[in-house]
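The structure appears right after this line, and notes come after that.
The values are calculated or read from the model by the stated rules, or taken from the named source; none is laboratory data. These figures come from a predicted structure and were not determined experimentally. When we count neighbours, we look across all protein chains shown, and the Cβ atoms used for this are built from the backbone with ideal geometry, even at glycine.
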There are 2 protein chains.
Amino acid sequence: MKIDSRHLEIIAAIVDNGGLTEGAEALGKSQPSVSRTVAMLEARIGARLFEKNRRPLQPTDLCQALAVEGRKVLAANQTASALVKRYVDGKSGVVRVGGTPFFMDGVISGMIAEFQRAYPEIRIEQSYAYAADLSRQLNSNALDVAICPMDPGALPETLEFSALLDGRNVIACSPTHPLAGKPSLRLSEIAPYPWIAPPVESPLYQDLRSILAGIGMTDFKVSFSGGTLASILNILTRSDALTVLPYSVVFMLRRQQALAALPIRINHPERSLGQMWNPLQNDRPSVRRFRRFIDAEFSNLRTTIMKHEQNTLWRR
Amino acid sequence: MKIDSRHLEIIAAIVDNGGLTEGAEALGKSQPSVSRTVAMLEARIGARLFEKNRRPLQPTDLCQALAVEGRKVLAANQTASALVKRYVDGKSGVVRVGGTPFFMDGVISGMIAEFQRAYPEIRIEQSYAYAADLSRQLNSNALDVAICPMDPGALPETLEFSALLDGRNVIACSPTHPLAGKPSLRLSEIAPYPWIAPPVESPLYQDLRSILAGIGMTDFKVSFSGGTLASILNILTRSDALTVLPYSVVFMLRRQQALAALPIRINHPERSLGQMWNPLQNDRPSVRRFRRFIDAEFSNLRTTIMKHEQNTLWRR
DNA sequence: GAGATTATATACCTTCGAGTTATGAAGATA
DNA sequence: TATCTTCATAACTCGAAGGTATATAATCTC
């Protein structure tokens with residue numbers, strides 16, 4: 001004797017609200033509808049659910065027992081509705097975000113921390129990759145958002161890109177480095193120092209090559225490679241090595257006094273740091289919320305950078 | 001965002017059975033039906049429940065969470081189905097049984113005990129009344145079964161009656177009574193003794209009147225009245241009082257050596273002990289089972305009485 | 001106890017979801 | 001790449017649940 005769960009809900013509603021009319025109202029249905037459903041159910045199971053000819057409808061023992069189960073169904077249903085509501089409101093779910101390592105570690109991870117403070121039920125699945133890989137992953141739906149530097153001209157046509165920051169890189173070193181703090185610098189002055197090499201797929205690596213090509217160095221001394229931002233910071237602060245990092249990373253670390261940027265302009269192709277996504281695949285509410293959040297955070301960051309640079313100029 | 005409980009069940013079934021096809025089978029539905037329901041649900045809530053283009057269907061996080069609720073719904077449903085099944089099988093429910101006091105106490109209560117050993121989930125609501133009242137209660141659906149003496153000619157036409165035992169009453173006394181054990185007795189010999197009077201509505205009372213009228217006694221000494229069987233037994237065994245009781249009650253108490261029946265035939269109208277019920281109101285499975293049980297018990301009792309009487313005759 | 005009031009049941013119709021079979025499409029597997 | 005499995009779609013039927021309007025029956029009230 002299979003019972004329809006909705007019937008259990010109806011029974012519970014009637015019993016708990018003290019009458020057919022009230023039960024119907026609680027369920028958002030009309031009284032006749034509920035009445036007929038009950039009648040049908042009684043006919044099917046061949047048993048009364050409510051005492052005959054009693055005006056404040058009086059549940060039978062069987063009905064009471066079924067109402068207990070009905071309450072469980074109603075409760076589960078409410079929980080499920082809440083789950084779905086949170087999901088469609090973008091307050092729960094998963095966001096798969098990938099990006100270039102140093103930028104993720106130096107800038108985005110802090111923002112993710114803020115995001116998760118606001119939306120603790122959204123899980124972030126972070127991964128590292130460079131632009132080409134990220135594009136592939138977006139296209140194959142292995143990723144929801146990519147955050148990386150991108151030449152707008154080189155954007156794959158299936159993807160969309162929204163710029164967040166200027167994508168320029170700088171030469172970074174320890175604040176205690178002999179070159180640090182100099183108001184101006186000639187390129188040739190950097191020649192003696194060893195380098196921490198970014199990964200070869202990284203735009204940072206390309207920028208490093210172009211810098212060194214600019215001063216005629218085809219060969220350069222690599223003292224360290226393969227590390228993530230945390231390793232590089234440790235090594236930079238304890239050595240005279242130089243490296244190339246996104247300006248925003250250096251900026252974010254300004255409070256820790258861990259890095260300095262050398263006043264040398266690096267020429268590189270037009271390039272923005274931004275988020276990239278696949279417009280074809282209808283993104284989840286959580287993803288939409290994440291993207292909006294990142295936009296807002298970078299909006300703040302841009303004004304902070306602007307103010308900071310104005311102050312710096314002023315003081316000079 | 002209201003969710004249909006059946007959808008939760010479907011989700012749970014798919015997740016727990018590792019696939020849409022298996023889930024459909026577990027639910028006893030066709031695969032396309034389940035597939036379409038899932039598609040419809042996904043469209044309604046605007047979220048994927050299963051990863052796109054994955055062949056062993058892979059539930060999303062939201063889906064997993066909903067499956068948890070779905071399992072609760074399924075469990076409640078199973079419980080409810082079992083409840084209903086037990087009910088329609090007549091293994092749970094209520095039986096409202098009424099009857100004449102001495103017969104209920106002396107005979108039926110023992111059978112009810114047996115019945116409840118076999119069907120512990122059936123609740124018995126017992127009450128006491130006499131034939132006229134019992135008929136009324138049956139007609140007004142305040143009672144499921146009445147067990148009482150009845151002249152088949154006097155049966156209300158709306159009710160049905162099934163005879164269980166000969167309804168004769170006997171004069172009962174203590175086994176230590178001066179008259180007990182005498183092989184034969186003249187009516188006049190009982191004149192000196194006091195009487196325990198049954199309730200005036202009782203057929204027992206009528207029989208008592210007719211006995212005394214037969215020996216010309218219009219006045220008789222009532223030493224006790226108003227008690228139930230238990231009181232009467234206590235008083236009988238400690239006095240020389242006489243009373244009128246159904247033969248079956250005396251028979252059932254034979255083992256306790258608490259009663260003796262005097263060998264005096266009481267004339268009374270044709271009358272059977274039996275059960276009475278209202279055929280118009282479709283009785284519950286539990287009631288049907290109870291009636292059948294009582295029938296069977298009395299069938300046994302009749303043969304026991306018959307054997308006992310043959311033995312008694314033999315021994316004389 | 002008659003009428004008023006309220007609650008439940010019925011009638012009648014509409015609509016929508018869920019069921020079916022048959023078939024197509026797309027991963028997974030070898 | 002061919003084949004197998006699994007899921008999705010198509011096209012249709014059917015029944016249950018929805019609604020409004022209204023009848024009927026219990027209970028309340030005086």
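Which of the residues belonging to the range A:35-60 are within 53 Å of the chain's Cα centre (by Cα) and more than 8 Å from DNA strand C (Cβ to nearest atom)?
A:T37, A:M40, A:L41, A:E42, A:R44, A:I45, A:L49, A:P59, listed by residue number.
Of the residues B:G226, B:G274, which is over 30 Å from B:M306 (Cβ atoms) and not charged (D, E, K, R)? Even if it seems obvious, please write down each step before you answer.
On the way: B:G274 fails: over 30 Å from B:M306 (Cβ atoms).
On inspection, the qualifying residue turns out to be B:G226.
When you go through A:R271, A:R265 one by one, which is the residue that is surrounded by fewer than 13 Cβ atoms within 10 Å (Cβ to Cβ) and among the basic types (K, R)? Full working, then the answer.
Details: A:R271 fails: surrounded by fewer than 13 Cβ atoms within 10 Å (Cβ to Cβ).
Just one listed residue meets the conditions, A:R265.
Residue-wise test of (1) surrounded by 14 or more Cβ atoms within 10 Å (Cβ to Cβ); (2) within 16 Å of DNA strand D (Cβ to nearest atom); (3) modelled with pLDDT of 90 or more.
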{"site": "A:R6", "(1), (2), (3)": "yes, yes, yes"}
{"site": "A:G18", "(1), (2), (3)": "no, yes, no"}
{"site": "A:R54", "(1), (2), (3)": "no, yes, no"}
{"site": "A:N77", "(1), (2), (3)": "yes, yes, yes"}
{"site": "A:K91", "(1), (2), (3)": "yes, no, yes"}
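Going by the structure shown, is B:R55 more than 12 Å from chain A (Cβ to nearest Cβ), in a loop (DSSP other than H, G, I, E, B) and over 16 Å from B:R284 (Cα atoms)?
On the way: more than 12 Å from chain A (Cβ to nearest Cβ): yes; in a loop (DSSP other than H, G, I, E, B): yes; over 16 Å from B:R284 (Cα atoms): yes.
So B:R55 passes the test.
Give B:A113, B:A65, B:A132 a once-over and let me know the one that is among the small types (G, A, S) and in contact with a helix residue (DSSP H, G or I) (Cβ under 9 Å, 6 or more places away or on another chain). Step through it out loud before you land on a result.
Details: B:A113 fails: in contact with a helix residue (DSSP H, G or I) (Cβ under 9 Å, 6 or more places away or on another chain); B:A132 fails: in contact with a helix residue (DSSP H, G or I) (Cβ under 9 Å, 6 or more places away or on another chain).
After ruling out the rest, the residue left standing is B:A65.
Output the strands (runs of 3 or more DSSP E) that fall wholly within the range A:213-311 and possess 1 or more residues being within 22 Å of A:H177 (Cα to Cα) and of a type outside the set (D, E), or say none.
Working: elements: A:222-225, A:243-246, A:272-277.
By residue number, A:222-225, A:243-246.
Among the residues in the range A:129-146, are any touching a Lys or Arg at 6+ places or on another chain (Cβ under 7 Å) and assigned by TED's automatic domain parsing to the domain that holds A:I45?
no
Looking only at the range A:26-36, decide whether some residue is near DNA strand D (Cβ under 9 Å from one of its atoms), more than 13 Å from chain B (Cβ to nearest Cβ), of a type in the set (V, I, T) and crowded, with 20+ Cβ neighbours inside 10 Å. Before you say what the answer is, go through the steps one by one.
Pass one, the range A:26-36, residues near DNA strand D (Cβ under 9 Å from one of its atoms): A:27-36.
In the following step, the residues that additionally are more than 13 Å from chain B (Cβ to nearest Cβ) were identified as A:30-36.
Still in the list and also of a type in the set (V, I, T): A:34.
Then keep just the ones that are crowded, with 20+ Cβ neighbours inside 10 Å; that gives A:34.
Yes.
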